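J.: Here's a structure for you.
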Amino acid sequence: MTTSNSLPSTVGAPPVISGKDAGKIARAAFVGTALEWYDYYLFGTAAALVFNRLFFTNMDPTAALLASFATFGVGFAARPIGAMIFGYIGDRYGRRPALLTTIVMIGAATAFIGLLPDFGSIGLAAPIMLAVLRLVQGLAVGGEWGGAVTMAVEHAPVEKRGRYAALVQVGSPVATLLASGAFSLVLLFPSEAFDAWGWRIPFLIAFPMLGIALWIRLKVEESPIFKDLLAQGETAKVPAFEVFRHAGGRLVVAVLAALLGVGGFYMITTFAVSYGSNTLKVDRNVMVNATLVAAVAQIGVTFLMGRLAEKIGPGKVTMWGGIVSAVAAFPLFAMIDTKSPLMITLAITVGIMLIAVAYAVNGALLTELFPAKLRYSGVALGYNIAGATSGFMPLLATAMLGVSGNQSWGAALILAIISLLTAVGGFLGERLRVQDKKLVAES
């Protein structure tokens with residue numbers, strides 16, 4: 001692997017890209033990613049509000065909540081494995097077949113969660129089956145995001161990669177709106193109806209959503225850059241191994257750069273919803289609705305940061321996003337501690353907006369940390385190792401409540417630390433960006 005600012009030249013015509021195709025591919029990646037994250041975020045909300053009561057009922061409330069978040073974390077632990085599996089497919093056989101497989105896996109796993117009997121019906125088998133389906137979700141997501149941003153970036157003109165990579169990131173707040181919105185609606189049911197069948201509706205919606213997303217993805221053409229690699233015989237035999245062997249430093253930087261976008265998000269959403277509703281005894285509708293307001297704000301920030309990345313570089317945007325998020329960590333949780341619906345909504349909204357600064361440009365930065373032949377694997381591993389590390393943050397923050405006497409300073413400290421680590425990743429990442437060999441824009 002080369003670590004210079006350009007890849008080795010090869011014989012043959014350079015890949016041809018089209019601005020028109022770039023927009024179409026990015027929108028297709030966005031739709032698929034929105035479904036993937038809808039499924040994933042749905043589980044996070046249910047872990048805070050449902051699974052602790054219906055699938056771990058033989059435990060005391062605190063232990064049940066910890067077990068619920070542990071199941072939530074299983075999906076993150078599986079993500080690096082999924083990154084290696086689908087990174088191999090994506091770098092060896094094509095980005096397109098990998099992405100088609102991931103979308104079917106996560107859509108089906110989510111829908112089947114909606115059909116699971118609870119602990120009261122089948123006992124211990126219920127949480128075991130829940131954990132297995134969460135594992136499938138994690139494997140699929142491990143390959144999804146890396147492939148989606150790789151496809152979007154490799155179809156785009158170099159000078160416009162920031163905006164198209166950001167469009168994929170918009171799938172996250174849209175998914176939050178869909179997942180939180182679905183739960184807000186079913187929470188309107190009486191408690192008995194919600195526990196009996198209402199909570200299942202958002203999961204079952206994954207069936208028709210999967211059909212739509214799969215239909216859109218089937219229309220997506222393979223990456224022109226990958227086609228060129230295949231034609232020139234330059235694909236990696238075991239891409240994950242080559243990433244670890246030849247690009248280990250870049251992988252560490254990718255992990256650092258991605259920490260805040262994953263871990264910070266779940267601290268401000270999954271943990272905050274649980275902390276507010278279970279510890280502070282704030283109405284759970286207030287907590288869930290706050291994430292809806294935050295998601296709308298995140299969409300605007302994501303588009304703006306994508307454009308800013310094209311001007312100053314995604315690494316600089318990541319660095320400043322991490323620094324500002326670290327400074328704001330303690331004030332944000334202090335606002336949540338007031339128990340005021342207005343202050344809680346403001347805290348979660350501002351927190352998500354700050355985290356979105358770095359998250360918006362994750363795709364643009366990580367894809368330019370690795371050369372094309374290792375890109376799918378490198379991006380997927382970097383992002384999902386960060387996910388595996390930070391996915392247990394809600395569990396850790398919940399456990400620290402016992403140490404802190406139910407005070408939020410432990411959660412704020414965790415958020416500040418991962419924010420500063422991401423700032424370091426952005427600083428280093430800007431200096432390590434690589435360029436693809438010359439691309440020809442279709443007139």
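J.: For Ile225, indicate whether it is open to solvent by less than 20 Å² (accessible area, probe 1.4 Å), of a type in the set (A, V, I, L, M) and assigned to a helix (DSSP H, G or I).
T.: Yes: the conditions hold for Ile225.
J.: Quick one: which residue in Ala388, Ala364, Ala326 is modelled with pLDDT under 95, surrounded by fewer than 24 Cβ atoms within 10 Å (Cβ to Cβ) and at negative phi?
T.: Ala388
J.: If I go through segment 285-299 residue by residue, how many of them are hydroxyl-bearing (Ser, Thr, Tyr) and either touching a Pro at 6+ places or on another chain (Cβ under 8 Å) or surrounded by fewer than 24 Cβ atoms within 10 Å (Cβ to Cβ) (or both)?
T.: 0
J.: Right, next: Against the condition modelled with pLDDT of 90 or more, within 25 Å of Gly32 (Cβ to Cβ) and open to solvent by less than 40 Å² (accessible area, probe 1.4 Å), how does Ala254 come out, does it pass?
T.: yes
J.: Also, quick follow-up: Taking only segment 274-283 into account, find how many residues are under 17 Å from Leu187 (Cβ atoms), open to solvent by 10 Å² or more (accessible area, probe 1.4 Å) and outside any loop (DSSP other than H, G, I, E, B).
T.: Within segment 274-283, residues that are under 17 Å from Leu187 (Cβ atoms), open to solvent by 10 Å² or more (accessible area, probe 1.4 Å) and outside any loop (DSSP other than H, G, I, E, B) number 2.
J.: While we're on this one: If I ask for residues that are touching a residue at least 60 places away in the same chain (Cβ under 8 Å), open to solvent by 20 Å² or more (accessible area, probe 1.4 Å) and closer than 22 Å to Asn289 by Cβ, which ones from segment 185-204 would you list?
T.: Residues satisfying the conditions are Asp195, Arg200, Ile201.
J.: Within segment 86-139, can you find the residues that are free of Cβ contacts under 8 Å to residues at least 12 places away in the same chain, part of a helix (DSSP H, G or I) and either over 22 Å from Leu374 (Cβ atoms) or of a type in the set (Phe, Trp, Tyr) (or both)?
T.: Ser121, Ile122, Ala125, Ile128, Val132
J.: A further question on this structure: Could you identify the single residue in Arg245, Arg163 that is over 21 Å from the mean Cα position of the chain (by Cα), open to solvent by 10 Å² or more (accessible area, probe 1.4 Å) and not hydroxyl-bearing (Ser, Thr, Tyr)?
T.: Answer to the check: Arg245.
J.: Examine segment 29-46 for a residue that is closer than 30 Å to Pro224 by Cβ, part of a helix (DSSP H, G or I), modelled with pLDDT of 85 or more and of a type in the set (Gly, Ala, Ser), and state whether such a residue exists.
T.: The answer is yes, given that some residue of segment 29-46 is closer than 30 Å to Pro224 by Cβ, part of a helix (DSSP H, G or I), modelled with pLDDT of 85 or more and of a type in the set (Gly, Ala, Ser).
Conditions tested, residue by residue: (1) of a type outside the set (Gly, Ala, Ser); (2) at pLDDT 90 or above; (3) within 22 Å of Ile106 (Cβ to Cβ).
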| site | (1), (2), (3) |
| --- | --- |
| Ser180 | no, no, yes |
| Ser191 | no, no, no |
| Ala213 | no, no, yes |
| Val220 | yes, no, yes |
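J.: One residue is enough: does segment 360-370 have a residue meeting the conditions part of a helix (DSSP H, G or I) and over 20 Å from Gln169 (Cβ atoms)?
T.: Checked against the condition, which is being part of a helix (DSSP H, G or I) and over 20 Å from Gln169 (Cβ atoms), segment 360-370 yields no hits at all.
J.: Which one is most open to solvent (accessible area, probe 1.4 Å), of the residues in segment 49-64 that are at pLDDT 70 or above and not in a loop (DSSP other than H, G, I, E, B)?
T.: Ranking the candidates gives Pro61 first.
J.: Does Val220 meet the test of being crowded, with 17+ Cβ neighbours inside 10 Å, touching a Leu at 6+ places or on another chain (Cβ under 9 Å) and not in a helix (DSSP H, G or I)?
T.: So Val220 passes the test.
J.: Here are some conditions: (1) part of a helix (DSSP H, G or I); (2) in contact (Cβ under 8 Å) with a residue 12 or more places away in the chain; (3) closer than 22 Å to Gly32 by Cβ. Ala156 meets all but one. Which one does it not meet?
T.: Just one mismatch for Ala156, condition (1).
J.: Then there's this: Could you grab me the full set of residues in segment 367-385 that are open to solvent by 10 Å² or more (accessible area, probe 1.4 Å) and not β-branched (Val, Ile, Thr)?
T.: Glu368, Lys373
J.: State whether one or more residues within segment 230-239 are β-branched (Val, Ile, Thr), surrounded by fewer than 21 Cβ atoms within 10 Å (Cβ to Cβ) and out of contact with any Lys or Arg (no Cβ under 9 Å at 6 or more places or on another chain).
T.: Checking segment 230-239: not a single residue is β-branched (Val, Ile, Thr), surrounded by fewer than 21 Cβ atoms within 10 Å (Cβ to Cβ) and out of contact with any Lys or Arg (no Cβ under 9 Å at 6 or more places or on another chain).
The values are calculated or read from the model by the stated rules, or taken from the named source; none is laboratory data. Bear in mind that the values here come from a model prediction, so they are computed numbers and not experimental data. A quick note on method: Cβ atoms are made from the backbone with ideal geometry, for glycine too, and the neighbour counts reach across all protein chains shown. Each accessible area value is taken on the protein alone, full model and side chains, heavy atoms only, with ligands, DNA and RNA left out. Shrake-Rupley method; radii C 1.70, N 1.55, O 1.52, S 1.80 Å.
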